[in-house]
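Trainee: Next up is a structure, given as structure tokens.
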Amino acid sequence: MTRTPKNIRALALATALLLAGVPLARQILSIPAEADAPALTAGQPVTPDNTGTLSRVPGKAQSGTPTFAASGLAAIPRDDPASQNPVERAVALGRILATRLEPAASANQWLRTRLVQTSVQPRPVRVVELWLMDPAAPAATCLRREMFLADQLIVRAPLAAEELPLRQRFAAAGLLLSERLAEGLFTVRLTKAELDAVPAALQFLAAHPELASSAEADGVGFGGGTPNDPRFSEQWGLHNTGQLSGTVDADLNGPEFWDILDSTPGLVIAVLDSGLNFTHPDLQNIAWANPGEISGDGIDNDLSGKIDDLTGWDFVNNDNNPTDDHGHGSNVSGIIAANRNNGVGVAGLLSGVQILTCKILNASNSGLTSNLIAATTYARQRGVSLMNLSLQNYPFSTALNTEFTACQAAGILLSICAGNQGVNNDLTPNYPSSYSHPNIIAVGNHDRTDARWSGTFNPSNYGLVSVDLFAPGRDILSPILGTAYSSYTGTSQATPYVTAICGALKYANPTWTAVEIKASVLSSVVTKAGYNGLCVTGGRAHAVNSVAHAFRQLPNQDTDGDQFSNLFEYLAGTRIDSTAQRPAFVSDIQDGFLRLRLPRVARPDAHFVIETSTDLLGWTSVGVTDFSTPDTLLGGVALAGTTRVFLRIRAVP
């Protein structure tokens, strides 16, 4: 059987297969006339249902909106634009169109309902909050905060209801039965986005079970992209909003990256540095566990030459405890893999990655070439595909050069910092980044204003030939010793960001070698005039651009095995690492067209195309009418005079 490429999805049940001699209208559209549907008219009593769910017992209209003392209103704090709650942030940055405050069922509790125009949705939203206003407390406490579209419901049709007559009933009631989400489940658009439009519609539908068996407000949620780590707002390298006089978007696009790839289970990155703080609350469960070693038996089970090297090795003290005693290594490892969405501290760029810790720097942050060679060899023999070397100012070593050649032969990428002296590495080589191996990616440091960091403290080295690109490296917050965090500046901090991006590419395209990964990262930088002449690419790293470039090179690669290619999911806005997130097709027949619909994300570097066929062999976009909107792909073919027709969606790099 011929397999359909995963960047092309054909809908078996979403095609229209017209049976010979039986007109389509008789099969699908021939429906007996129905009685007129009831109408939802202006001026009907409204009982706001602030739970956003349908109630079968219509309430009575309130005689008036309760008032609240001025002192009580003052007790509600202003919306915080830096809040960890995304609803509050959106409201704080939006425009409030209407507000109502009314008592809730419990004592000292009040419901505040607001109609808000925000940047998170193109249409107005309805925000419902439950506040505890204890007269003895100095300020109110928000117990619940939810956001809904102000003009849309989700409705389940009555059992066995046919779609066309149902649409006609809704239209007669002044409501638009809009998108079909699943069998018998639809969205319903209201004619106005007002404070009470949704509750009124819910009350109306509760009284008319012939229209809906259930209904609810259409809620607004937020992706896991922005983590709940309380100091994430300080991580400008991942998400630069202009904080501290920075330049907006001079970052790696971390939240957007997480919407595409949330976790990289099974990926191992070796970090050759001062060790790892294994007890830090933000570095839990990121340590590599040696699968070939048995704990505590005193035997070198995996024949590595190291006894009980369970999590790596301390090459400084020659023991199996590579615990950090300086902080540099923990800072570097945290940039790659600090726990995300754990409510603690900061966020690393990658989740699910394991850090193979090779301690080669002592408590003074100094190390030996011999330990560097030993650690590189050890990591190579453990089978890693990526190493982070935030190291500088080593003398040239032939032995290390040879080991790097062995890494090259093994397809291992070495991500190495360019150094912090503010000099041109083309003229003054800085090792180990200045070795000439093609599997080395040399990283400079840019600041929050989107320029090479050239300040008095740890200015970034550069080089048109010897430095490949820049990445965020000024004031980078990450875990250190104890339970503390510290902001470090240097190419040491820029390098693990690039390492993490390379790790994402290795996870997405596991057959790729170092040279292919490096080429993809360098081909996808954000170029700026300020970087011209300072590095090979003339640009800075960008996580989303890099993974998108990788998807385009292997358009049929399917990382999570859900039968949708990475490229397809990138365009559809679903994650490539989760079978729980799959592109959601919807098909229908409307106005004489067989239509195929798919939510999408506008991308600058790839696109979808809807194609049609009559025999599943030859496909063309000719004859497909485009009904798309910016966030929805929608195309259709006219059914008049057609005996058999199919539609498919193809992801085009």
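The values are calculated or read from the model by the stated rules, or taken from the named source; none is laboratory data. Bear in mind that the values here come from a model prediction, so they are computed numbers and not experimental data. We place every Cβ from the backbone using ideal geometry, glycine too, and count neighbours over all the protein chains shown. SASA here: full protein model, heavy atoms, side chains in, ligands and nucleic acids out. Shrake-Rupley method; radii C 1.70, N 1.55, O 1.52, S 1.80 Å.
Trainee: Quick one: P(r) of the stretch 314-436 from all Cα-Cα pairs, 5 Å bins, percents rounded to integers, in order of increasing distance.
Mentor: 2, 10, 18, 22, 21, 15, 8, 3, 1, 0
Trainee: Once amide H atoms are placed 1.01 Å from N in the peptide plane, what residues at a sequence separation of 5 or more from residue 470, or on another chain, have their amide H within under 5 Å of its amide H?
Mentor: Under 5 Å from the amide H of residue 470 lie the amide H atoms of 444, 539, 540, 541, each far enough along the sequence or on another chain.
Trainee: Given N residues in the chain, what is its alpha carbon radius of gyration divided by 2.2 N^0.38 Å?
Mentor: The reported ratio for this selection is 1.14.
Trainee: Spin-label point model (7 Å from Cα, Cβ direction): what's the residue 427 to residue 207 distance in nm?
Mentor: Placing both labels 7 Å beyond Cα along the Cβ direction yields 8.3 nm.
Trainee: For the chain, with the dipole built from +1 on Lys and Arg beta-carbon atoms and -1 on Asp and Glu ones, taken about the Cα centre, which of 299, 504, 284 lies farthest toward the positive end?
Mentor: Going by the charge dipole, the pick is 504.
Trainee: Taking the alpha-carbon centroid of each part, what is the distance from the stretch 302-339 to the stretch 244-260 in angstrom?
Mentor: What the calculation gives is 30 Å, centre to centre.
Trainee: Still on this structure, please answer the following. Quick check: Cα centre of the stretch 148-214 to Cα centre of the stretch 560-597, how many Å?
Mentor: The two parts, judged by their Cα centres, are 24 Å apart.
Trainee: Here is a further query. I'd like the orientation of helix 163-172 relative to the chain: the angle between its Cα long axis and the longest Cα principal axis, in ° from 0 to 90, rounded to 10.
Mentor: Compared with the principal axis, the helix lies near 70 degrees.
Trainee: I would also like to ask the following. Give the aspartates and glutamates reachable from residue 506 as a straight Cα distance under 20 Å; neighbours fewer than 8 places away on the same chain don't count.
Mentor: 256, 259, 262, 468, 516, 558, 560, 562, 569, 577
Trainee: Mind putting a number on the dipole of the stretch 221-310 about its Cα centre? Charges go on the C-beta only, +1 for Lys and Arg and -1 for Asp and Glu, and I need it in Debye to the nearest 20.
Mentor: 200
Trainee: Something else now. Can you compute the FRET efficiency between residue 580 and residue 401 using 1/(1 + (r/R0)^6), with r the Cβ-Cβ distance and R0 = 41 Å? Round to the nearest 0.05.
Mentor: Efficiency, rounded to the nearest 0.05: 0.30.
Trainee: Follow-up. For the stretch 164-204, max minus min Cα coordinate along each principal axis, in Å, sorted largest first?
Mentor: 29, 21, 16
Trainee: Still on this structure, I have one more. Below 8 Å, C-alpha to C-alpha, sequence gap of six or more: please give me the relative contact order for the stretch 442-594 in percent.
Mentor: The normalised contact order for the stretch 442-594 reaches 19 percent.
Trainee: Using only the Cα atoms of the stretch 515-653, what semi-axes does the equivalent ellipsoid have when each is the square root of 5 times a gyration tensor eigenvalue? Give whole Å, largest first.
Mentor: Values: eigenvalues 254, 50, 35 Å².
For the stretch 515-653, the ellipsoid semi-axes come out as 36, 16, 13 Å.
Trainee: Based on the Cα coordinates of the stretch 545-597, what is the per residue volume of their convex hull in Å³?
Mentor: 91
Trainee: Continuing with the same structure: So what is the 222 nm mean residue ellipticity for the chain from helices alone, if each DSSP H run of at least 4 adds -39500 (n - 2.57) and you divide by all residues, rounding to the nearest 500 deg cm²/dmol?
Mentor: Only helices count here, giving -5500 deg cm²/dmol.
Trainee: Further question on the same structure: Rounded to the nearest 0.05, what FRET efficiency do residue 393 and residue 139 give with R0 = 45 Å and r taken as the Cβ-Cβ distance? Could you check?
Mentor: With R0 = 45 Å, the Cβ-Cβ based efficiency is 0.25.
Trainee: I want to make sure I understand the PRE zone here: with the label point 7 angstrom from the Cα of residue 317 toward its beta carbon, which residues in the stretch 346-377 have backbone N atoms less than 11 Å away?
Mentor: Flagged as within label range: 363.
Trainee: Right, next: What residues have an amide H closer than 5 Å to that of residue 394, excluding those fewer than 5 places away on the same chain, when H is modeled at 1.01 Å from N in the peptide plane?
Mentor: 431
Trainee: Still on this model: Return the Cα extents of the stretch 409-503 along principal axes one, two and three, sorted largest first, each rounded to a whole Å.
Mentor: 39, 31, 21
Trainee: Taking the full set of protein chains and a 1.4 angstrom probe, give the accessible area of residue 133 in square angstrom, rounded to the nearest 10.
Mentor: Around 20 Å² of this residue is reachable by solvent.
Trainee: Follow-up. With angles folded into 0 to 90 degrees, how steeply does helix 491-508 sit against the dominant principal axis of the chain? Use alpha carbons for both and round to 10.
Mentor: So the inclination is approximately 60 degrees.
Trainee: Calculate, axis by axis, the spread of Cα positions in the stretch 515-584 along the three principal axes, and write the results as whole Å, longest axis first.
Mentor: Sorted from largest, the Cα extents of the stretch 515-584 read 45, 22, 14 Å.
Trainee: Based on the Kirkwood radius over alpha-carbon pairs, what value in µm²/s does the Stokes-Einstein equation return for the translational diffusion coefficient of the stretch 357-410 at 25 °C and 0.890 mPa s?
Mentor: 210
Trainee: Let me ask you something else. Please name which of 418, 439, 565 has its Cα lying farthest along the dipole of the chain towards the positive end, using unit charges on Cβ (Lys, Arg +1; Asp, Glu -1) and the Cα centre as origin.
Mentor: In the chain, that residue is 565.
Trainee: Here's something else I'd like to know. As an exercise, take the mean of 1/r over every pair of distinct alpha carbons in the stretch 454-539, invert it, and state the Kirkwood radius in angstroms.
Mentor: Hydrodynamic radius (Kirkwood, Cα only) of the stretch 454-539 equals 14.3 Å.
Trainee: Here's something else I'd like to know. Give the calculated FRET efficiency between residue 161 and residue 601 to the nearest 0.05, with a Förster radius of 45 Å applied to their Cβ-Cβ distance. Could the numbers behind the result be given before it?
Mentor: Numbers: r = 33 Å, r/R0 = 0.73.
So, using R0 = 45 Å, E works out to roughly 0.85.
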